Amino acid sequence: MKNCKYNSFEELPLMLSVPDVAAVLGISRAGAYELVKEKGFPTLTIGSRILVPRDKLVKWIDVKSGSRT
């Protein structure tokens with residue numbers, strides 16, 4: 001998690017903002033906004049705010065990386 005204030009997934013907040021997702025994944029903010037629009041990416045929209053549940057993000061990463069634990 002380069003340039004990120006978190007050292008492990010356990011330290012992440014329960015709900016991540018799109019900029020948080022960008023920092024965790026090491027991608028640009030614009031790239032993170034594109035990612036959250038993709039079908040199958042776990043998001044929760046409250047009003048105009050897009051949030052990503054930590055546990056769903058970790059599971060999504062596991063599935064995408066092929067380590068389905």
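A short reminder: the numbers here are calculations on the coordinates, not readings from a lab. Computed from a predicted structure; not experimentally measured. Backbone-built Cβ (ideal geometry, glycine too); neighbour counts: all protein chains shown.
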Dipole magnitude of the chain, debye to nearest 20 (Cβ charges: Lys/Arg +1, Asp/Glu -1, about Cα centre): 140
Full-stretch length increase - Ser67, Met15 - with 0.36 nm per residue and alpha-carbon distance subtracted: 16.4 nm
Ser48 paired with Ser28, simple spin-label distance in nm, labels 7 Å along Cα-to-beta-carbon: 2.3
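Determine the relative contact order of region 5-55: mean sequence separation of Cα pairs under 8 Å and six or more apart, normalised by residue count, in whole percent.
Working: 48 pairs, mean separation 21.5, N = 51.
About 42 percent, as a whole number.
What translational D, rounded to a whole number of µm²/s, comes out for the chain from Stokes-Einstein when the hydrodynamic radius is the Kirkwood one over Cα pairs, at 10 °C and 1.306 mPa s? Intermediate results must be reported in sequence, preceding the final value.
Values: Rh = 12.3 Å.
After rounding, the answer is 129 µm²/s.
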